[in-house]
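The values are calculated or read from the model by the stated rules, or taken from the named source; none is laboratory data. Keep in mind that this is a model prediction, so the values were computed, not measured. Heads up, the Cβs are rebuilt from the backbone with ideal geometry, glycines too, and the neighbour counts pull from every protein chain shown.
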Amino acid sequence: MDTRNISTTYTFDEENICYDCRNLIKKDRFYPAHKNLVLDNVVYSKMITGQEDEFYYTCKICPTIWRHETGKGGFGWQLTKLNSNK
């Protein structure tokens, strides 16, 4: 997965995403992934504040693609875009 073109400011219609994904919106870095998310890619980054890895997930139920940032400066769960392949 090429992560360079994924937007962090994607606007979306909540009706197009499943219940479990709606519950991830604005959750912090400690909130776990739900059972229908499939891990696509991991980007390991060593920053001045420590390890700040990014995990990219796709939902099996709805067309969402998520980025989960785990470091101290991470934003937690971010809906990055809707997958047009679904």
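Cβ separations smaller than 9 Å between residues 6+ apart or across chains give the following pairs from segment 62-82 residues that are free of Cβ contacts under 8 Å to residues at least 40 places away in the same chain to residues that are of a type in the set (Val, Ile, Thr): LYS72/THR49; GLY73/THR49. Which of the residues belonging to segment 45-86 are at pLDDT below 90, under 18 Å from PHE30 (Cα atoms) and among the hydrophobic types (A, V, I, L, M, F, W, C)? Listed by number, the residues that qualify are PHE75, LEU79. Reported count of residues in segment 23-60, each being surrounded by 15 or more Cβ atoms within 10 Å (Cβ to Cβ) and hydroxyl-bearing (Ser, Thr, Tyr), is 3. Residues of segment 28-67 being touching a Leu at 6+ places or on another chain (Cβ under 9 Å) and farther than 15 Å from CYS18 by Cα, which ones? TYR31, PHE55, TYR56, ARG67 - these are the residues of segment 28-67 that are touching a Leu at 6+ places or on another chain (Cβ under 9 Å) and farther than 15 Å from CYS18 by Cα.
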